[in-house]
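Peer 1: One structure is given below, represented as structure tokens, and several questions about it will come after.
The values are calculated or read from the model by the stated rules, or taken from the named source; none is laboratory data. As the structure is a prediction and not an experimental result, all values here were calculated from the model. As a convention, Cβ positions derive from the backbone with ideal geometry for all residues, glycine included, and neighbour counts pool all protein chains shown.
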Amino acid sequence: MIKETLKQDLKSLICEGNIAKLPTDHLNDYSTLKTVLIKACGKYKNNSFEFPYPAKVIINKLLTGENINFKKEFQFFATPKEGVNEALNNLIGGFECEYLEPSAGHGAFIDGILEYRPCAKITAYELSELNYEVLKEKYKDEKRVSIIQGDFLKVESTKKYDVVIGNPPFSNNQDIDHIMHMKDFVKDNGQMICYSSNSWRTGSQKKQQEFRQFAEENFMYYDIDRGLFKESGTMVATTLITY
């Protein structure tokens with residue numbers, strides 16, 4: 001349970017976008033407040049703490065007193081622009097298409113699609129509440145983009161799209177689960193373009209072996225340079241899959 005003094009200090013912060021400014025008046029315990037904000041991925045700068053997400057969302061979560069795993073929340077590897085362009089270079093067909101982005105992150109693919117296909121209409125899902133808040137603010141005035149918070153794997157494939165594109169999570173074979181679900185949302189004569197790990201190509205687990213066989217029979221894919229995601233904090237080997 002959160003201490004009353006910490007709660008008071010959190011409530012006194014002035015949130016503007018991704019910035020939480022310290023108040024000019026007295027704080028009960030700055031040392032504890034600073035520790036909590038840094039653990040929540042805040043970076044101190046000019047009497048403020050800056051977060052990768054809307055500060056108000058962070059503070060509200062801290063005020064609940066829950067044991068929030070911010071490190072887990074922040075462990076997504078954003079697709080760099082080069083990676084977005086690599087995927088979009090595989091697009092075929094018309095310019096006025098309906099796109100689905102199943103794990104939108106901070107909108108790298110959305111930005112690329114809007115630039116590459118300005119007439120596109122995009123539906124994007126995002127599981128993380130923090131990422132969703134970023135997307136909601138980022139595209140609040142963009143009528144071509146619809147953002148939905150939720151688990152894409154639980155969405156029924158009743159609506160089909162011209163293009164399903166994205167960079168799903170890799171760990172624990174999540175990429176396999178996402179890709180097998182993503183393909184069910186593709187229209188006849190549509191496309192799926194996505195990144196995956198390389199684990200399924202050499203792994204001995206049953207799921208990996210079954211996916212490997214399915215991919216060899218149904219997908220086209222090729223290796224991606226390990227350095228592509230370096231700026232996002234990982235050197236993992238990746239594969240680009242098209243369907």
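Peer 1: What number of residues within the stretch 109-134 are among the hydrophobic types (A, V, I, L, M, F, W, C), without any contact (Cβ under 8 Å) to a residue 40 or more places away in the chain and crowded, with 22+ Cβ neighbours inside 10 Å?
Peer 2: The qualifying residues number 3.
Peer 1: Restricting the search to the stretch 1-41, which residues are in contact (Cβ under 8 Å) with a residue 40 or more places away in the chain and over 22 Å from Y53 (Cβ atoms)?
Peer 2: M1
Yes or no, residue by residue, for (1) more than 17 Å from K7 (Cβ to Cβ); (2) touching a Ser or Thr at 6+ places or on another chain (Cβ under 8 Å):
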site: P23; (1), (2): no, yes
site: H26; (1), (2): no, no
site: Y30; (1), (2): no, no
site: I38; (1), (2): yes, no
site: K45; (1), (2): yes, no
site: F51; (1), (2): yes, no
site: A55; (1), (2): no, no
site: I58; (1), (2): no, no
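Peer 1: Is it the case that S157 is in a loop (DSSP other than H, G, I, E, B), at negative phi and touching a residue at least 12 places away in the same chain (Cβ under 8 Å)?
Peer 2: Yes, satisfied.
Peer 1: When the stretch 1-41 is examined, which residues are found to be at positive phi and surrounded by 14 or more Cβ atoms within 10 Å (Cβ to Cβ)?
Peer 2: Passing the criteria: only C41.
Peer 1: Exactly one of these conditions fails for S146: (1) surrounded by fewer than 15 Cβ atoms within 10 Å (Cβ to Cβ); (2) touching a Ser or Thr at 6+ places or on another chain (Cβ under 9 Å); (3) within 20 Å of Y195 (Cβ to Cβ); (4) not aliphatic (A, V, I, L, M). Give me its number.
Peer 2: (3)
Peer 1: If you scan the stretch 204-243, which residues turn out to be loosely packed, with under 13 Cβ neighbours inside 10 Å, assigned to a helix (DSSP H, G or I) and either at pLDDT 95 or above or outside the structural domain of E86 (by TED's automatic domain parsing) (or both)?
Peer 2: Matches in the stretch 204-243: K206, Q209, Q213, E216, E217, N218.
Peer 1: Still on this structure, I have one more. Output the number of residues of the stretch 93-115 satisfying the condition of being over 20 Å from the mean Cα position of the chain (by Cα) and not hydrophobic (A, V, I, L, M, F, W, C).
Peer 2: Qualifying residue count for the region: 3.
Condition check ((1) outside the structural domain of D225 (by TED's automatic domain parsing); (2) modelled with pLDDT of 95 or more; (3) under 27 Å from N172 (Cα atoms); (4) of a type outside the set (G, A, S)) across all residues:
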residue	(1), (2), (3), (4)
I14	yes, yes, no, yes
A20	yes, yes, no, no
L37	yes, no, no, yes
K45	yes, no, no, yes
F49	yes, yes, no, yes
V57	yes, no, no, yes
E66	yes, no, yes, yes
Y99	no, yes, yes, yes
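Peer 1: Which residues, counting only those in the stretch 149-178, are touching a strand residue (DSSP E or B) at 6+ places or on another chain (Cβ under 6 Å) and surrounded by 22 or more Cβ atoms within 10 Å (Cβ to Cβ)?
Peer 2: F152, Y161, V163, V164, I165, G166, N167, D175
Peer 1: Name every residue in the stretch 8-31 that is among the acidic types (D, E) and assigned to a loop (DSSP other than H, G, I, E, B), in order of residue number.
Peer 2: Taking the stretch 8-31 first, the residues among the acidic types (D, E) are 9, 16, 25, 29.
D25, D29 - these are the residues of the stretch 8-31 that are among the acidic types (D, E) and assigned to a loop (DSSP other than H, G, I, E, B).
Peer 1: Next up: Test of understanding: among I148, I176, which residue is modelled with pLDDT of 95 or more, within 16 Å of the chain's Cα centre (by Cα) and either within 22 Å of V134 (Cβ to Cβ) or in the same structural domain as A87 (by TED's automatic domain parsing) (or both)? First the steps, then the outcome.
Peer 2: On the way: I176 fails: within 16 Å of the chain's Cα centre (by Cα).
Only one candidate passes the filter, namely I148.
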